[in-house]
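For reference, the structure is listed below as structure tokens.
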Amino acid sequence: MPTPFDRSKVVSMLAGLGLVLVLGCGDDSGLGKRYPVSGTVTYKGQPLEKGDITFRPAQAAGRAAHGTISGGTYSLSTAGDNDGALPGTYLVSIVAREVDIAKAQEEAKAKNRVVFMQKVAAQAHKTAKSLIPAKYESPDTSGLKGDVKEQSNQIDFPLTD
């Protein structure tokens with residue numbers, strides 16, 4: 001028969017295990033289960049060095065997922081860091097621009113303007129050179145689709161002119 005000391009150890013261990021199980025199950029986003037989505041993005045056969053990718057649900061219901069393209073690869077997040085996407089069909093957009101914030105900052109200074117970083121960054125993004133055709137920047141014109149299944153998903157996008 002366990003002594004009171006032994007029982008308190010057992011109760012503490014069970015309480016701790018219960019807390020770990022509760023905290024480890026799901027998240028507080030209220031969303032359903034998300035599945036890993038990753039892939040490669042190439043332009044004219046070469047990895048797209050940098051950019052952003054967005055999966056917008058094809059149906060009105062749903063939740064978009066986003067990712068950063070680096071060295072030609074991406075992974076998606078919906079509510080947290082690389083948590084994947086909800087199952088379904090998505091329209092995809094990709095934005096890849098060569099932004100030179102330092103140049104925009106110098107241009108503003110040369111015109112003797114007060115430099116506010118938010119305005120400089122916004123201006124730099126507006127005038128940035130696109131690294132891919134503009135049609136890919138909108139899910140309505142890109143022609144890109146992604147089907148996320150209830151499994152780990154590898155979805156690649158070979159972009160062309």
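Please treat every number below as a calculation from the coordinates, not as lab data. From a predicted model like this one, the values you see are computed outputs, not experimental measurements. Here the Cβ positions follow ideal geometry from the backbone for every residue, glycine too, while neighbour counts run over all protein chains shown.
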* chymotrypsin sites (Phe, Trp or Tyr not before Pro) lying in DSSP loop within the stretch 27-116, provided at most 11 other Cβ fall within 10 Å -> Phe116
* If r is the Cβ-Cβ distance from Val99 to Thr40 and R0 is 30 Å, what FRET efficiency results, to the nearest 0.05? -> 0.85
* **Order of Asp140, Asp100 - criterion: other Cβ atoms within 10 Å of each residue's Cβ, fewest first** => Asp140, Asp100
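Hey, got a sec? Which trypsin sites (Lys or Arg not before Pro) in the stretch 75-136 land in a DSSP loop and have at most 12 other Cβ atoms within 10 Å? Please report the intermediate quantities before stating the final value.
Working: sites: Arg97, Lys103, Lys109, Lys111, Arg113, Lys119, Lys126, Lys129, Lys135; in loops: Lys111, Arg113.
When the trypsin sites (Lys or Arg not before Pro) of the stretch 75-136 are filtered for loop state and at most 12 Cβ neighbours within 10 Å, Lys111, Arg113 remain.
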